[in-house]
Amino acid sequence: MINTTYAIFKLNPQIVKTVGDVAYDADGNEVAYDKSAVQAYVDAHAYIAKRASEYPPITDYIDGVVKGDQAQIDKYIADCLAVKARFPKS
C-alpha cells in the first residue's frame, strides 16, 4: 500500500524526513507541502494494495511452467487479469 509518508517523499524530493505530518529538508528546515496532493497520490495508487492481496500465488504459475501444464498457466493469467479488472488503475 502506498502510504502518506511514501507519497510525501515521492512528490517532494527535497524532503528527507517526516515527523508526523511535518516534513524537513536535509538541513533540518521545515518544508511546506501540499497535503491534498499527497492524499490524491495515495488515493490514485490504492489499487496496488488491493490487487496485491488478491493475486494468486506466483508459485501456481511456476508450477504450471515446470509441469508444462498450459491449462494451469492460462488459468493463472486469467485469474490475474480478473483481479486487474476488479481493481482498475484510476
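The values are calculated or read from the model by the stated rules, or taken from the named source; none is laboratory data. None of the values given here were measured: they were computed from a predicted structure. When we count neighbours, we look across all protein chains shown, and the Cβ atoms used for this are built from the backbone with ideal geometry, even at glycine. Side chains are part of the model used for accessible areas, which takes the heavy atoms of the whole protein and leaves out ligands, DNA and RNA. Shrake-Rupley method; radii C 1.70, N 1.55, O 1.52, S 1.80 Å.
Can you give the calculated 222 nm mean residue ellipticity of the chain, where each DSSP H run of n ≥ 4 adds -39,500 (n - 2.57) and the sum is split over every residue, rounded to the nearest 500 deg cm²/dmol?
On the way: 5 runs with 54 residues, N = 90.
Here the helix-only value at 222 nm equals -18000 deg cm²/dmol.
Using a basic spin-label model with each label point 7 Å from the Cα along Cα→Cβ, how many nm lie between Ala44 and Gln70?
Each label point lies 7 Å from its Cα, and together they span 4.1 nm.
Could you bin all the Cα-Cα distances of the stretch 37-90 into 5 Å bins starting at 0 and give me the percent of pairs in each, rounded to whole numbers?
Answer for the stretch 37-90: a P(r) of 4, 20, 22, 16, 14, 10, 7, 4, 2, 1 percent.
Over the stretch 1-40, consider all pairs of different Cα atoms and compute the Kirkwood hydrodynamic radius from their mean reciprocal separation; express it in Å, one decimal. Mind showing how you got there, number by number?
Details: mean 1/r = 0.0994 Å⁻¹.
One decimal place: 10.1 Å for the Kirkwood radius.
Over the chain, with every protein chain in place, what whole percent of the accessible area is carbon and sulfur at 1.4 Å, could you tell me?
Working: 3520 of 6120 Å².
Ligands and nucleic acids excluded, carbon and sulfur give 57 percent.
Return the sequence-ordered ³J(HN,Hα) values of the stretch 57-68 in whole Hz as given by the Karplus equation 6.51 cos²θ - 1.76 cosθ + 1.60 applied to θ = phi - 60°, using x for Gly and Pro.
Couplings: x, 4, 4, 4, 5, 4, 4, x, 5, 4, 7, x Hz.
If you count only protein heavy atoms with a 1.4 Å probe, what accessible area per residue comes out for the chain, rounded to a whole Å²?
Values: 6120 Å² over 90 residues.
On a per-residue basis, the chain sits at 68 Å².
Taking H placed 1.01 Å from N in the peptide plane, check which residues at least 5 places from Lys17 or on another chain put their amide H under 5 Å from its amide H.
Amide H neighbours of Lys17, under 5 Å, 5+ apart: Tyr24.
Relative to the compact globular guide of 2.2 N^0.38 Å, what is the alpha carbon radius of gyration of the chain, as a ratio? Intermediate values should be presented prior to the final figure.
Values: Rg = 19.4 Å, N = 90, 2.2 N^0.38 = 12.2 Å.
That ratio works out to 1.59.
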